[in-house]
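All of the numbers you see were taken from the coordinates with simple rules; none came from a lab. Note that the structure is predicted; figures quoted are calculated from it, not measured. Note that we place each Cβ from the backbone using ideal geometry, even for glycine, and neighbour counts take in every protein chain shown.
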Amino acid sequence: MAIYQFIQENSRSDDYICYLEGNKSKMVILQDNELINNDSYNLEDLKISTALELMGFKINKKIEKNYDEDKKEFYLEFLDKYTKSKELREKLISLNKKDTNKDKTIKEIKKILPNLDKTTLDKILSYSEKDDKQQKKIFGYILESLAGYKILEVVKDKIADINFSEKINHLRKEDRTSEKEIDEFDIALLTKNGKFMIFECKSGGMEGDVAKSTNYSTYAVSGVYGKPILITPLLQKEIESIRKKSTLSKDYNNNYKYLNDELYKTIRQAINSAIRAGLEVWGLDEIEDNLKKYIEL
């Protein structure tokens, strides 16, 4: 409005006012107080790497993941079983715990998923007893894949770009405080109208600093139209329950211990850290509905 007032008082015939309405993907152009353009725009040729560079960042490291059609059916079927089985969710979450008997738990998980492709299931549930760090990543990898394939199924060709597992840094060396990456994205999505979405998939805990850096990076690249999101291993009703007892769903027979015992401690902490840092928190069963609302599929 300030710019418009200035133009009104100091206008020339060749002055234009151009305004981009990010939520509705509209480009409004005024000349001499007359509307000469109100068309929709899209940025379907824009890539995430370009969007990052325009705002002073670069992709330092990108881990190629095979999100292909061959595995799509496997993970979507896995997700369907996951959202319907409380027992399966508990078993997978328990894989993050040090004192969990991994061999026994993995066998129990396989019994719950007898119809899934055995070769793929064996591969994603394999671990080395000597590699404690790798053990903890089992469910993290599964959660990221469940979310990734669901996002891909929903958005399909209606977005400009999507990347998985990439690390970013400042584009100019003089802007860096160290050579270490400033942020890492599990899933980054760019819509055709320039909205930048970052998904952090956390099967367990998340430090407050990680949540803050995700929010900062999203805002730096996409401004107020960006959206940083935490995807948890819980469902939407369980997220409500874990934050406030009074919202506990009757589906769980008011069993408060179910979402408040030691098994969910780090997930509770991650949700609280995310909310304090300004991230939205989504359950795995909310992905489709929330994406449709946000990018108007």
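Here are the numbers for the structure shown:
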{"item": "Full-stretch length increase - ILE275, ILE36 - with 0.36 nm per residue and alpha-carbon distance subtracted", "result": "81.8 nm"}
{"item": "Sites LYS97 and CYS18, calculated FRET efficiency, Cβ-Cβ separation with R0 41 Å, nearest 0.05", "result": "0.15"}
{"item": "Neighbour-count ranking [beta-carbon atoms within 10 angstrom, fewest first] of ILE106, ILE187, ILE7, ILE17", "result": "ILE17, ILE7, ILE106, ILE187"}
{"item": "LYS167, LYS265 arranged by Cβ crowding within 10 Å, fewest neighbours leading", "result": "LYS265, LYS167"}
{"item": "Computed E for LYS137/ASP45 - FRET, C-beta separation, R0 35 angstrom, nearest 0.05", "result": "0.50"}
{"item": "Of LYS71/LYS123; LYS47/LYS195; LYS150/LYS227; LYS47/LYS137, pairs whose Cα-Cα distance is over 20 Å", "result": "LYS47/LYS137"}
